[in-house]
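Just below is one structure, and these are the notes that go with it.
Since every read-out is calculated from the coordinates, none of them should be taken as a lab result. Computed from a predicted structure; not experimentally measured. Backbone-built Cβ (ideal geometry, glycine too); neighbour counts: all protein chains shown.
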């Protein structure tokens, strides 16, 4: 449940926030401000993590790298554990092992969110495969 609070914004900043809220489908100024504060705090708590938009909505990702859910999914699927797993992920995603560790630490704090993103990606993959199979039967 949210609680009201009073925040004073510089006029220029408030105008930018309102413009961005209007440009964002379905977002009002308060909702956008709350999302940006939440994301900003998460990024401050987890250096190297940022948020980006995509087909499944906004999600946590490494700066100039893969989404957190992609790293977690990879780590679940490999045989390696411990530092070897982190190194394997760093090799596969072509990023420094410290960035993989940042994703793992983020997952530790937001497990349910990341697990939901993995589930959504797996569902989308299954739907795409079913559609491909139907298409192949139709054109074969």
Label-point gap, in nm, between residue 64 and residue 120 - each point 7 angstrom along Cα→Cβ: 2.7
Neighbour-count order for 20, 133, fewest beta carbons within 10 angstrom listed first: 133, 20
Residue order, fewest to most surrounding Cβ atoms within 10 angstrom, among 73, 3: 3, 73
Choice from 130, 111, 35 showing the highest fluctuation, given a GNM over the chain with Cα pairs closer than 10 Å: 130
Length gained when the stretch residue 29-residue 111 is fully extended (0.36 nm per residue, less Cα-Cα span): 26.7 nm
Nearest 10 degrees, 0 to 90: helix 111-139 Cα axis against the chain principal axis: 50
Percent of Cα pairs exceeding the 16 Å cut-off, where the set is segment 5-48: 44
Residue-averaged 222 nm ellipticity for the chain, from DSSP H runs of 4+ at -39500 (n - 2.57), nearest 500: -22000 deg cm²/dmol
Stokes-Einstein D in µm²/s, Kirkwood radius over Cα pairs - segment 78-138 at 4 °C with 1.567 mPa s viscosity: 94
Principal-axis tilt of helix 29-45 within the chain, Cα atoms, nearest 10 degrees: 60
On Cα atoms only, tilt of 68-77 relative to the major axis of the chain in degrees: 30
Candidates 84, 119, 129: whichever shows maximal mean-square fluctuation once the chain is modelled as a Gaussian network with Cα springs under 10 Å: 129
Relative contact order, percent, the chain [alpha-carbon distance under 8 Å, six or more residues apart]: 15
Where N is the number of residues in segment 31-87, Cα Rg divided by 2.2 N^0.38 Å: 1.33
